1. Relative contact order for the chain: what percent, with Cα pairs under 8 Å and sequence separation of 6 or more?
2. Could you tell me how many degrees, from 0 to 90 and to the nearest 10, lie between the Cα long axis of helix 148-161 and the main elongation axis, the longest principal axis, of the Cα atoms of the chain?
3. Return the whole-Å distance between the Cα centroid of the range 337-363 and the Cα centroid of the range 153-180.
4. What is the P(r) of the chain, as percent of Cα-Cα pairs per 20 Å bin from 0?
5. Given the rule -39500 (n - 2.57) for each run of at least 4 DSSP H residues, summed and divided by the residues of the chain, what is its mean residue ellipticity at 222 nm, to the nearest 500 deg cm²/dmol?
6. How high is the relative contact order of the range 247-428, in percent, counting Cα pairs under 8 Å that sit 6 or more residues apart?
7. Compute the acute angle (0 to 90°) between the alpha-carbon long axis of helix 175-186 and the principal axis of greatest extent of the alpha-carbon atoms of the chain; round to the nearest 10°.
8. Report the Cα centroid-to-centroid distance between the range 54-128 and the range 403-468 in angstrom, as an integer.
Ligand code: NAD
C-alpha cells in the first residue's frame, strides 16, 4: 500500500500528545506523545536483545535490508518531505526538504555499500596479528532540529551497517519527522533494530548515562555535548560529538565576485542559515569588499522566503522562537555598534511564523557578537580585511572549528591558507558540501570523532586484535 501524508501522520500521532506547530504558520502539524525515562529503558532493553541476532547476520544480508530501507524512503519521499517541511519549516524546493530526503536514501545506500574489512597488521615468522572491527552494541542517537531526518540517517546508517542496533532520541522540536522516517524504514527492517523514543532533555540525559548504551552519536550544541561527556563518564561510553560551529569564509583578493556570489550565498544561507557547517562569518579582502557585498546583495534579492509548501520558496522560517530571538538579538547588537545593514534586519513581528528576513551586515568588526557567536540563522556578517595573517588569526580566534572555506582563483594559494585554518574541513571555492565517503567532524569545541565513509564505520565499532 502506498504511503500518503495522512497515512504517515496517522501512524505517528496521538490525540492526547503534545502539539507540534508549523514554524511558518503556527498551525498544529500533529500531536506526539512524549515518552518517559521508563519507556526509554524498555526500548534500550529491546534493542539490546535484538542486537546479537542482527550482528550474526551476514554482511550481505544486512546490506540487502538497508538497501530495502532506502527504497522504502524513496517510495515515501514526497509525503516525508511534506511533513519535514511543515514541521521543520524548510521549503520543499532549493537545498531543503526534497533535497534532504534524496540525501537520506543516497546516504543509506552509500553507507550500506561501504566495507570495513579486517586487516593483517603484522605477519612474520613469529607473529600473525589482525585488526578487526566488531559492532559496539547498542548505539544511542541524539539529534537536533535543523536537518532532523538527514542527521538521523548519518547516525543510524553506519550503526546498523556494522551490526549494532540503535535507540533514537529526536529533538523535541522535530519529533514527527524522525518518527515518520523510522516508521517507513521499520516497515522493511526486522523488529527492534531501530527504536525511536520521543522525549525531552531528561530522556536524552538518561540515554547518555544508560549502562546498556555502548556508544552515543550526538549532534547538537556544544553545551549539550559537554553535558553528555559528563553523564557518559561512569559507563565509559564511546562518543561521537558533532557540536556547534562558527565557520569562517575567507575571500582572497583575486576572486571574480559575481562568479562566486551564488555559492557564497548558499554556503551561508542553506536551510536559512540553520546548518552546523554553514558559513557564519565572511571575511573579504578590501580590494574586492564592495563588489562582493554588491554581488551577494543581488543574489539575496532573488531568493524568495516564505511558507515551505509554496513551491517557489527556497528560504523558510527559523524553526523555533528561541532561535529567532537569538538571531534578532545578534542583529540588534550589530546595528547598535554602527554596522551597516545591507538588507534585512527588520522582521515583521506581527506576522505569523518565525520569519527573519535574509540579512547581510557590512562594516562590522571582528569582535562584534554577530561575528563571535553562532547565529544559526539568516544573518551574515561581512568583515573587511587587508592582511592575510590577520584574517587567519581572526578565523582561528574562536574556540570552535567545524568548517571553513577559502575562495580564490589560485587553488595553490587557497590551499596554503586552508592549511593554516583550525577546522575539521576546509572547502575551497565552496562551503558546507558533504559526501558519504568523505569523513566529517570538528576540532576544538566543535566536537570529536568522525562521521561518514570508512571512518564513520570505525566510529560505531570496537577494534579487536587477534594475535596468533
Ligand atoms: P541541542 O543541543 O539543544 O539539542 C540537541 C539534542 O540534545 C536534542 O535532542 C535535545 O533534546 C538533546 N538534549 C538536550 N539536553 C540533553 C542532555 N543533557 N543529555 C542528552 N541529550 C540532551 O541542539 P539544537 O538546538 O537542537 O541544535 C542546534 C545546535 O546543533 C547548533 O549549535 C548547531 O551548530 C549544532 N549542530 C551541529 C551539527 C554538526 O554536525 N556538528 C549539525 C547540526 C547542528
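1. 19
2. In the chain, helix 148-161 runs at an angle near 40 degrees to the longest axis.
3. Taking the Cα centre of each part, the range 337-363 and the range 153-180 sit 35 Å apart.
4. Here the calculated profile for the chain is 25, 55, 20, 1.
5. -12500 deg cm²/dmol
6. 27
7. 40
8. Using only Cα atoms to place each centre, the spacing works out to 19 Å.
Bear in mind that the values in this text are calculations on the coordinates, not laboratory data. The model shown is predicted, which means the values in this text are computed figures rather than measured ones. FYI the Cβ positions are ideal-geometry reconstructions off the backbone, even for glycines, and counts take in every protein chain you see.
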